[in-house]
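Visitor: Provided herewith is a single structure, encoded as structure tokens, for subsequent inquiry.
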Amino acid sequence: MDLTEYYIGLADSDFETTKKDAKKQYEYMKNSTARYHGYLVRTLYIPKIFSDEMEKYFKRIVKTVYQILVKVIREYEKNPEYRKLFGFDKRLEELIIRPSRYRCRLPIARIDIFFDEDNFNFKFCEFNTDGSSAMNEGRELYNSLMVTDTFRKFKKRYKVKMYEYFDSWVKEFTAIYLTYKYKKDNPRVAIVDFNPAGAINEFEQFKMSFEKAGYVCDICDICDLRYENGELITPEGNKIDVIYRRAVTCDIMEHYDEVRPFIEAVKNDDVCIIGNFKTQVVHNKLVFKILRDKMTASFLTDEENKFIAEHIPFTTNLTPKTAEKYHILDAKDDWVIKPEDSYASKGVHAGVEFEDEQEWRNTVLECMKKGEYLLQEYCPPYESTNIDLLYDKNAQYRKFSNITGFFVYNGKFRGVYSRIAKNSIISTQYSEMSLASVIAKEKKRAAEIKW
């Protein structure tokens with residue numbers, strides 16, 4: 001039986017209790033730490049339930065794409081001609097090609113895909129690296145399921161798995177640091193971002209895990225760091241040895257002069273940053289175009305090139321020439337335009353979301369004038385059934401668009417993050433919501449399976 005259909009059947013079997021449970025779930029979330037920049041994370045009653053077969057498939061996806069992305073980073077480091085494809089600011093290029101002081105090229109990522117649950121087809125959406133977030137959302141969303149009667153009934157038949165995101169990251173963070181050329185005993189850790197208060201609940205969870213592992217850990221605004229006498233120092237005067245970097249590279253480059261103490265400490269190897277600036281090579285959305293370039297094909301295997309051809313959506317620069325070549329002004333439903341370097345879906349526009357053709361044309365032309373925009377084939381998201389029992393007075397089951405994210409720590413698959421929306425684009429600027437994500441297996445088969 002389909003796992004989600006079974007769950008919906010349980011919810012429908014006592015719908016009055018289900019409606020009460022939805023309110024309990026909301027009360028839990030309202031009083032939880034699942035907030036980002038002050039906003040409560042919205043969710044729906046039916047979680048995303050993935051089978052053990054899907055989990056195994058996800059792990060294979062992660063293994064393959066991770067190998068490819070690391071190869072791309074390495075080629076960027078050593079090949080000046082390849083670097084020209086990216087066209088990065090010389091200051092950023094200098095930071096990226098600095099000698100690597102530890103072994104891992106891509107410490108942390110959240111890789112988002114459009115996954116068809118019926119036939120297992122998929123296309124990649126984006127590669128998030130050091131700024132990858134939502135671990136705390138995932139934890140709290142799972143906890144909110146525990147207050148519902150439907151989930152308790154579901155667990156009577158199925159063995160349910162939820163990944164742990166915080167201690168597991170500290171374990172991999174430590175493994176990476178132990179390969180650092182200038183490692184120290186008992187290093188002091190700092191979690192660093194712009195305005196860390198916006199995600200303070202998540203950072204506090206990581207801080208607790210670092211401290212549980214024996215570290216002293218600070219949470220710092222990157223703009224408040226000082227660099228004195230070869231030491232990077234917190235606002236409280238504590239010397240930092242190793243950084244868990246959550247500040248995304250585009251923000252760092254935009255505020256380059258404001259974060260010079262951080263930059264200089266990194267350049268002089270007076271602090272270890274995990275991850276390094278090398279990750280920007282694959283975080284930048286231009287990599288979708290470059291993955292299909294013949295220079296990339298030359299250093300990948302036939303199997304890897306086939307994987308890219310099947311799963312990387314066609315991407316090119318948005319220019320008057322490409323707009324005319326692909327008739328995007330007259331075929332809006334086939335295309336998405338997005339900035340080369342952004343996050344949280346900022347500046348993304350999908351033609352299917354425009355009812356007015358002229359509005360689409362105006363948006364395309366405006367983005368074309370700005371420059372540094374990409375044109376990408378539109379990938380229709382998979383639709384799954386859910387119900388909004390809290391915000392919809394006339395709640396009925398309906399279809400929602402899905403996007404599936406994989407947390408990847410030091411090359412290892414570490415869990416799933418699920419978002420949905422009423423629209424065709426899953427984005428904070430539209431109607432995005434998050435769902436608890438679990439892996440489920442029938443209990444009668446549990447003894448046969450190694451977890």
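Please treat every number below as a calculation from the coordinates, not as lab data. No experiment lies behind these values; they were computed from the predicted model shown. All Cβ positions, glycine included, derive from the backbone under ideal geometry; neighbour counts span all protein chains shown.
Visitor: Ranked from highest to lowest mean number of other Cβ atoms within 10 Å per residue, what is the order of the peptides 282-289, 113-120?
Guide: 282-289, 113-120
Visitor: Note the full-extension length gain between TYR39 and ASN195 as 0.36 nm times their separation in residues minus their Cα-Cα distance, in nm to one decimal.
Guide: Difference between extended and current length: 54.7 nm.
Visitor: Which helices, counted as full DSSP H runs in the chain, have an axial Cα extent of no less than 24 Å and a Kyte-Doolittle average of -1.0 or above?
Guide: 52-78
Visitor: Further question on the same structure: Report the gain in length on full extension from LYS369 to THR179: 0.36 nm times residue separation, minus Cα-Cα distance, nm rounded to one decimal.
Guide: Answer, rounded to one decimal: 63.8 nm.
Visitor: Regarding the range 150-251, what are the three Cα extents along the principal axes, ordered largest first, in Å?
Guide: 62, 30, 25
Visitor: Which one, HIS327, VAL41, GLY214, projects farthest toward the positive side of the charge dipole computed for the chain from Cβ point charges (K/R +1, D/E -1)?
Guide: Working it through, the farthest residue towards the positive pole turns out to be GLY214.
Visitor: Quick one: what Rg and Dmax do you get for the range 287-377 from the alpha carbons, in Å?
Guide: When restricted to Cα atoms, the range 287-377 yields Rg and Dmax of 14.3, 44 Å.
Visitor: Another question, if that's okay. Taking the Cβ of LYS30 as the centre, find all other residues whose Cβ is under 13 Å away and add up their charges (Lys, Arg: +1; Asp, Glu: -1).
Guide: Result for the neighbourhood of LYS30: +2.
Visitor: Please report TYR378, TYR7 as a ranked list, fewest other C-beta atoms within 10 angstrom at the top and most at the bottom.
Guide: TYR378, TYR7
Visitor: Return the percentage of antiparallel bridges among DSSP beta bridges fully within the chain, rounded to the nearest 5 %.
Guide: 75 percent
Visitor: Taking the Cα centre of the chain as the origin, how large is its charge dipole in debye, to the nearest 20, when only Lys and Arg (+1) and Asp and Glu (-1) carry charge on their Cβ atoms?
Guide: That gives the chain a dipole magnitude of about 1540 debye.
Visitor: Would you mind ranking LEU95, LEU85, LEU365 so that the residue whose beta carbon has the fewest other beta carbons within 10 Å leads the list?
Guide: So the ranking, lowest neighbour count to highest, is LEU365, LEU85, LEU95.
Visitor: A further question follows. What does the charge count around ASN229 come to, taking other residues whose C-beta lies under 14 Å from its C-beta (Lys +1, Arg +1, Asp -1, Glu -1)?
Guide: In short, -2.
Visitor: Quick check on my link table: of LYS278/LYS338; LYS71/LYS338; LYS24/LYS59; LYS84/LYS321; LYS59/LYS338; LYS19/LYS161, which ones sit more than 32 Å apart, alpha carbon to alpha carbon?
Guide: Checking Cα-Cα distances, LYS24/LYS59 exceed 32 Å.
Visitor: Also: Please state the charge dipole magnitude for the range 287-377, taken about the Cα centre, from unit charges on C-beta atoms (+1 on K and R, -1 on D and E), reported in debye and rounded to the nearest 20.
Guide: 400 debye
Visitor: Turning to a different aspect of this structure: Zone of ASP116 (label point 7 Å along Cα→Cβ, backbone N under 13 Å): which residues in the range 375-407?
Guide: What the label zone holds, given the 13 Å backbone N cut-off, is 379-383.
Visitor: How much length is gained on full extension from LYS23 to LEU329, taking 0.36 nm per residue of separation minus their Cα-Cα distance?
Guide: My answer for the length gained is 105.7 nm.
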